[in-house]
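The values are calculated or read from the model by the stated rules, or taken from the named source; none is laboratory data. This structure is a prediction, so every number in the text was calculated from the model and none was measured. Glycine gets a Cβ as well: all are built from the backbone with ideal geometry, and neighbour counts include every protein chain shown.
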Amino acid sequence: MWPLLALLASAADEPARAELAAALARPADSAQRDALELLDFLRAGLSTTAAMGIWTRKDTPLHEDWASQLPEGVVGKLTDQAALDRWAADETGGLIDHFPLDITTDTQLIIASALAARVRWRTPFDGYPRGGGFASDEASQQWLSRTTSDLAAAAVLDATVTRIVVEGDGDLDVHLLLGDQQPADVLAVGLRELSGEARVRLAADLDNGADAPGLIVRLEESSNPEDQLRLKLPSFEIHTRHDLLTLRDMFGLRSVTDPDKSHLPLLSPVPLYVARGAQDVMARFFAEGFEAAAVTAFDMECTGAPPPDRYQVTAVDVAFDRPFGFLAVHRPSRLAVVAGWVSSPFQPAQVEDMGGESSTNNTALSKGVIEALKSKGYNQSQIAKMFNVSRQAVSWHLKTYGGRMTPRQIVNESWPWDTTNAHGKAVPYQRLRDHGEFMATGGHDMSEDKLKRLRTWWRKLRVENLVVEFDPNTPSIPGVSPCGGFAYRERVSDDDDLLIRVNEYTRLTDEGAMIWCWPPDLI
């Protein structure tokens, strides 16, 4: 959100200008330039992307002097919610598919930024399921472990916080932080180390028997002459939304959120104030790598309008066995791109009571779950009802995959094309990934928003008689594939019941033919 605060500071008068500058720890005079340079820097990264967008009503123009400093394509007309949702999905490669704010009739201007990071580990982890009787093999429900000889990756910061650096193959690393203080204090120690302000003692320099939070050093007999760093942690996936105005003083937003007087005279001739601010963040740490994204937005309305409704949202903490923090760090600049706190290992699943009482089933359908339920007397039809899938889906898991792979792995192995991260911004790419997940799980554990978008997309293909074609030479298509590659084509008889067009760039396996077709309920 730093770039958005900087842009607000560049358009503000006093005292808002001073409040924002204090929050930024940068002078307001250079704030706009600094914000755009930071976005360009992240956009050029090997593992990061960044974007900014400003959307206005037709009767809310921007001041030319201020807007002329913005890159081409940043400013657009405010149309509908779907357009903002598409922007969020496009600019995060599908990691966040819904804009954090909903447009209201009072909305005059929206300003937003998006950030995404993806990296693969230089040394992957081994993964195995967590939990008891209904242990899931989902990537976000695993214990991860690996052994390396790089003791330099482990250190103790300020004698209180254990830090492990997990190196990515691009220019992004993840710093895992473990300490006994409050989460904010543990993260603060990790952030101070990035600026060279924390004391660092490498694990290799610790004495035999020394310990720190989660870390112990011992001398052992070994047949291997190399030192060993043995690391174990739970995989995690976090989604959260922040109401930025609950901390308006910390972010320097006190004056610009005053509904009675505009403090943004350089932004627009229309007197505006910041009515709402929100940020959606997700982070996923798994055996092969790390993904994270954030979309931050401010909604501006005309001063003198009634104060907007305030909302109270529920934040869900995922229970890990011991709290730890993480920083996604842009290696060349030592900039913390994403920081977070992980607090507990996993949520126990609830299984539907076939006797009549039901509760939400949070366990992924897998061979282990199916066999465990069958051993308790359930048949495949009952299991299918329990997971809200077809009986054929249960058989498919048992016979086709035998529980060897997670839904993500099933989709990856059967993915019919050689695509890049840039292709991941295409709508057909994102919906096909959702479709593959649905075919592998019957929709279990998929969010209602994701299922709603998927059903809408199926309806589009059915009503408009379309299939998806991938050709790396296809140019960019606005609203479909911003980086090219994907396009919709009119269905022909040779397409049969597939959702995709088979061409010279397609690799369709037998398993893929079962995935990239109409779901059974739609045939």
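In region 437-477, the residue that is surrounded by the most Cβ atoms within 10 Å (Cβ to Cβ) out of those that are under 23 Å from residue 419 (Cβ atoms), among the β-branched types (Val, Ile, Thr) and more than 24 Å from the chain's Cα centre (by Cα) is 468. The set of residues from region 113-134 being surrounded by 21 or more Cβ atoms within 10 Å (Cβ to Cβ) and either within 11 Å of residue 294 (Cα to Cα) or at pLDDT below 85 (or both) comprises 113, 114, 115, 116, 117.
Cβ-Cβ distances below 7 Å connect no pair with a first residue in region 218-229 that is in a loop (DSSP other than H, G, I, E, B), a second residue that is among the acidic types (Asp, Glu), and a separation of six or more residues or different chains. Across region 135-173, the number of residues qualifying as part of a strand (DSSP E or B), modelled with pLDDT under 90 and among the aliphatic types (A, V, I, L, M) comes to 0. Among all residues of region 492-510, there is none that is under 22 Å from the mean Cα position of the chain (by Cα), on the phi < 0 side of the Ramachandran plot, surrounded by 15 or more Cβ atoms within 10 Å (Cβ to Cβ) and outside the structural domain of residue 86 (by TED's automatic domain parsing).
Within region 180-195, restricting attention to residues that are buried (at least 16 other Cβ atoms within 10 Å of the Cβ) and free of Cβ contacts under 8 Å to residues at least 40 places away in the same chain, the residue that is farthest from residue 216 (Cα to Cα) is 188.
Quick check: is even one residue across region 95-112 under 19 Å from the mean Cα position of the chain (by Cα), among the small types (Gly, Ala, Ser), assigned by TED's automatic domain parsing to the domain that holds residue 276 and at pLDDT 95 or above? Checked against the condition, which is being under 19 Å from the mean Cα position of the chain (by Cα), among the small types (Gly, Ala, Ser), assigned by TED's automatic domain parsing to the domain that holds residue 276 and at pLDDT 95 or above, region 95-112 yields at least one hit. For region 460-509, the tally of residues that are closer than 25 Å to residue 91 by Cα, touching a Ser or Thr at 6+ places or on another chain (Cβ under 8 Å) and assigned to a loop (DSSP other than H, G, I, E, B) stands at 5.
Within region 159-177, being surrounded by fewer than 19 Cβ atoms within 10 Å (Cβ to Cβ) and farther than 24 Å from residue 47 by Cβ holds for 159, 160.
Yes/no matrix, rows are residues, columns are (1) out of contact with any Pro (no Cβ under 7 Å at 6 or more places or on another chain); (2) not polar (S, T, N, Q); (3) not assigned by TED's automatic domain parsing to the domain that holds residue 102:
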| residue | (1), (2), (3) |
| --- | --- |
| 6 | yes, yes, no |
| 22 | yes, yes, no |
| 32 | yes, no, no |
| 38 | no, yes, no |
| 51 | yes, yes, no |
| 65 | yes, yes, no |
| 68 | yes, no, no |
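Scanning region 215-232 for residues that are surrounded by 16 or more Cβ atoms within 10 Å (Cβ to Cβ) and touching a Gly at 6+ places or on another chain (Cβ under 9 Å) returns a single hit, 217. Considered as a group, the residues in region 151-186 that are among the aliphatic types (A, V, I, L, M) and under 10 Å from residue 213 (Cα atoms) include one that is farthest from the chain's Cα centre (by Cα), and that residue is 159. Kindly indicate whether residue 37 is surrounded by fewer than 20 Cβ atoms within 10 Å (Cβ to Cβ) and farther than 14 Å from residue 110 by Cβ. Judged against the criteria, residue 37 is a match.
Is it the case that some residue within region 416-432 is surrounded by fewer than 21 Cβ atoms within 10 Å (Cβ to Cβ), in contact with a helix residue (DSSP H, G or I) (Cβ under 6 Å, 6 or more places away or on another chain), among the acidic types (Asp, Glu) and touching a residue at least 60 places away in the same chain (Cβ under 8 Å)? For region 416-432, residues surrounded by fewer than 21 Cβ atoms within 10 Å (Cβ to Cβ), in contact with a helix residue (DSSP H, G or I) (Cβ under 6 Å, 6 or more places away or on another chain), among the acidic types (Asp, Glu) and touching a residue at least 60 places away in the same chain (Cβ under 8 Å): absent. For region 196-210, the criterion of being farther than 23 Å from residue 284 by Cα, surrounded by 16 or more Cβ atoms within 10 Å (Cβ to Cβ), assigned by TED's automatic domain parsing to the domain that holds residue 335 and touching a Ser or Thr at 6+ places or on another chain (Cβ under 8 Å) is met by no residue. Scanning region 172-197 for residues that are in contact with a Leu (Cβ under 6 Å, 6 or more places away or on another chain) and closer than 16 Å to residue 153 by Cα yields a total of 3. Taking the listed residues 479, 512, 485, the one that is in contact with a Phe, Trp or Tyr (Cβ under 7 Å, 6 or more places away or on another chain), in contact (Cβ under 8 Å) with a residue 24 or more places away in the chain and of a type in the set (Gly, Ala, Ser) is 485, with no other qualifying. Pairing residues of region 154-165 that are assigned by TED's automatic domain parsing to the domain that holds residue 182 with residues that are among the hydroxyl-bearing types (Ser, Thr, Tyr), at Cβ distances under 8 Å and at least 6 apart in sequence or on separate chains, gives 154/162; 155/162; 156/162.
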